[in-house]
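Engineer: Sharing a structure, written as structure tokens. Questions coming.
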Amino acid sequence: MNKRLKSDILLLLTAFIWGSAFVAQKVGADIGTFTFNGIRTFIGGLALLPVILILDSMQKKKGNGEAPDPAQKAADRKVLLAGGLSCGIVLFIASTLQQYGIFFTTAGKSGFITSLYAVIVPFLAVATGKHVKKIIWLCVVLGVTGLYLLCMTPGEAFRIQRGDFFVLLCAFAFAVHIMVIDYFSPKTNGVKMSCIQFLTAGAIGIVCMFIFENPSMTAILHSWFPILYAGVFSCGIAYTLQIVAQADADPSEASLILCLESVFSVITGAIMLHESMAVHGYLGCALIFAAVVMSQLPSREERLAAKNR
């Protein structure tokens, strides 16, 4: 098996884990938004600790034996902490909105509405002076049309239901999260930053759990599997698979495979939770998926630049 095929399989597995995690979130929604998110994200951070130890050990074996500059080491640590804390705070906001919204809607709808962050990100990028591809405007039209079809109720005036509204807000929050990651990730270690962000989001969630909710140990233990799946698999394992896979994958190809996360959310929701939608709902999913895929396709300039490398 060549490296590219292996990476594609790992990315597909990553998309499946992320998509199926919506089912775990739906199943675990009854124990409380902060309770579920706080525990699962904190577990996700703990799950990355052995990965960091292994990667550090591998890095030391490849090292040149030179002692790191203390001043540079301190500066790197400062950037790492700033990035991890910033990402963690935004992740807490995004995941809280998503977990609260998913209590009132289906796992399948949540997956597709959340995926709209891919269409929102380019608009946030404009604020930082980045160029937006022309096709993004078409993606917006497709995305909004798909959202309408996904959320509409025949015979009634269009209004976004409570759960769908909060998941839509989470899509905007995840778009901000991506922008924060985009700023810090080139400057520090991605795995360590991710670990700090999960621990930060988890710690805030656990504090909010005791302030705003009445956590029940019986209910938490009853939901142990969805909590562990969303924490260990979705955060720890899937993130690690993504890092390993993208080392040998084409970035554009990788992003398109990861877009299948929303498709898997519908498939697993239908199989595990017996969720279903009207025909117009599935059409809305198709339009949103098309918008997300098209937003990830490289422009003509990007394809030419890739050929000249």
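Engineer: Among the residues of segment 11-39, write down those that are in contact with an Asp or Glu (Cβ under 6 Å, 6 or more places away or on another chain), more than 24 Å from residue 243 (Cα to Cα) and assigned to a helix (DSSP H, G or I). It would help to see each step written out before you state the result.
Structural biologist: Of the residues in segment 11-39, the ones in contact with an Asp or Glu (Cβ under 6 Å, 6 or more places away or on another chain) are 15, 18-19, 32, 34-35.
From what is left, the residues that are more than 24 Å from residue 243 (Cα to Cα) are 32, 34-35.
Matches in segment 11-39: 34, 35.
Every residue, every condition in (1) in contact with a Pro (Cβ under 8 Å, 6 or more places away or on another chain); (2) among the aliphatic types (A, V, I, L, M); (3) touching a residue at least 12 places away in the same chain (Cβ under 8 Å); (4) surrounded by 21 or more Cβ atoms within 10 Å (Cβ to Cβ), yes or no:
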position: 166; (1), (2), (3), (4): no, no, yes, yes
position: 185; (1), (2), (3), (4): no, no, yes, no
position: 195; (1), (2), (3), (4): no, no, yes, yes
position: 212; (1), (2), (3), (4): no, no, yes, no
position: 227; (1), (2), (3), (4): no, yes, yes, yes
position: 232; (1), (2), (3), (4): no, yes, yes, no
position: 239; (1), (2), (3), (4): no, no, yes, yes
position: 243; (1), (2), (3), (4): no, yes, yes, no
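Engineer: Please verify whether residue 97 is in contact with a Cys (Cβ under 6 Å, 6 or more places away or on another chain), modelled with pLDDT of 90 or more and farther than 25 Å from residue 271 by Cβ, treating the condition exactly as stated. Lay out the reasoning, then the answer.
Structural biologist: Details: in contact with a Cys (Cβ under 6 Å, 6 or more places away or on another chain): yes; modelled with pLDDT of 90 or more: yes; farther than 25 Å from residue 271 by Cβ: yes.
Yes, satisfied.
Engineer: Scan segment 216-225 for residues that are surrounded by 17 or more Cβ atoms within 10 Å (Cβ to Cβ) and not β-branched (Val, Ile, Thr) and report the count.
Structural biologist: Pass one, segment 216-225, residues surrounded by 17 or more Cβ atoms within 10 Å (Cβ to Cβ): 220, 223.
Subset that is not β-branched (Val, Ile, Thr): 223.
Summing the residues that are surrounded by 17 or more Cβ atoms within 10 Å (Cβ to Cβ) and not β-branched (Val, Ile, Thr) in segment 216-225 gives 1.
Engineer: Can you name the residue in segment 277-295 that is among the small types (Gly, Ala, Ser) and surrounded by 19 or more Cβ atoms within 10 Å (Cβ to Cβ) and, of all such residues, is nearest to residue 113 (Cα to Cα)?
Structural biologist: Keep residues of segment 277-295 that are among the small types (Gly, Ala, Ser), which gives 278, 281, 284, 286, 290-291, 295.
Subsequent filtering for residues that are surrounded by 19 or more Cβ atoms within 10 Å (Cβ to Cβ) retains 281, 284, 291, 295.
Details: 281: 12, 284: 10, 291: 12, 295: 15 Å.
Of everything passing the filter in segment 277-295, 284 is nearest to residue 113 (Cα to Cα).
Engineer: Please list, ordered by first then second residue, the pairs with beta carbon atoms under 7 Å, 6 or more apart or interchain, first in segment 279-297 and farther than 15 Å from residue 140 by Cβ, second in a helix (DSSP H, G or I) and among the acidic types (Asp, Glu).
Structural biologist: Listed by first residue and then by second, the contacts come to nothing, as the list is empty.
Engineer: Among (1) touching a Gly at 6+ places or on another chain (Cβ under 8 Å); (2) surrounded by 23 or more Cβ atoms within 10 Å (Cβ to Cβ); (3) at pLDDT below 90, where does residue 11 come up short?
Structural biologist: (1)
Engineer: Inside segment 195-287, counting only helices (runs of 4 or more DSSP H) that do not spill past its ends, which hold 3 or more residues that are among the polar types (S, T, N, Q) and under 20 Å from residue 178 (Cβ atoms)?
Structural biologist: Values: elements: 217-222, 224-228, 238-246, 251-258, 261-273.
Qualifying helices (runs of 4 or more DSSP H): 238-246.
Engineer: Given the structure, is residue 59 closer than 29 Å to residue 150 by Cβ and not small (Gly, Ala, Ser)? Talk me through it step by step, then tell me what you get.
Structural biologist: Numbers: closer than 29 Å to residue 150 by Cβ: no; not small (Gly, Ala, Ser): yes.
Criteria not met by residue 59.
Engineer: Please note which helices (runs of 4 or more DSSP H) are completely contained in segment 41-150 and include at least 3 residues that are within 18 Å of the chain's Cα centre (by Cα) and farther than 28 Å from residue 28 by Cα. I'd like the intermediate steps shown before the answer.
Structural biologist: Working: elements: 70-102, 107-114, 117-126.
Fully inside segment 41-150 and qualifying: 117-126.
Engineer: Confirm whether residue 31 is in contact with a Phe, Trp or Tyr (Cβ under 9 Å, 6 or more places away or on another chain) and of a type outside the set (S, T, N, Q). Walk me through it before giving the result.
Structural biologist: Numbers: in contact with a Phe, Trp or Tyr (Cβ under 9 Å, 6 or more places away or on another chain): no; of a type outside the set (S, T, N, Q): yes.
No: the conditions fail for residue 31.
Engineer: For segment 18-45, give me each residue that is of a type in the set (A, V, I, L, M) and over 22 Å from residue 267 (Cα atoms). Give the derivation first.
Structural biologist: From segment 18-45, those of a type in the set (A, V, I, L, M) are 21, 23-24, 27, 29, 31, 39, 43; that's our starting set.
Hits for segment 18-45 are 31, 39, 43.
Engineer: Could you tell me whether segment 174-192 includes any residue that is part of a loop (DSSP other than H, G, I, E, B), at pLDDT below 90, out of contact with any Phe, Trp or Tyr (no Cβ under 7 Å at 6 or more places or on another chain) and aliphatic (A, V, I, L, M)? Explain how you work it out, then say what you get.
Structural biologist: Quick first cut of segment 174-192, residues part of a loop (DSSP other than H, G, I, E, B) only: 188-189.
Filter once more, keeping what is at pLDDT below 90: 188-189.
The next check asks that each one be out of contact with any Phe, Trp or Tyr (no Cβ under 7 Å at 6 or more places or on another chain); those that pass are 188-189.
Next, from what is left, pick out any that are aliphatic (A, V, I, L, M): none.
No.
Engineer: Of the residues 8, 56, 69, which is touching a residue at least 60 places away in the same chain (Cβ under 8 Å) and farther than 16 Å from residue 199 by Cα? Give the steps one after another, and end with the answer.
Structural biologist: Details: 56 fails: touching a residue at least 60 places away in the same chain (Cβ under 8 Å); 69 fails: touching a residue at least 60 places away in the same chain (Cβ under 8 Å).
Being touching a residue at least 60 places away in the same chain (Cβ under 8 Å) and farther than 16 Å from residue 199 by Cα holds for just one of 8, 56, 69, which is 8.
The values are calculated or read from the model by the stated rules, or taken from the named source; none is laboratory data. No experiment lies behind these values; they were computed from the predicted model shown. Reconstructed Cβ throughout: ideal geometry from the backbone, glycine too, with neighbour counts over all protein chains shown.
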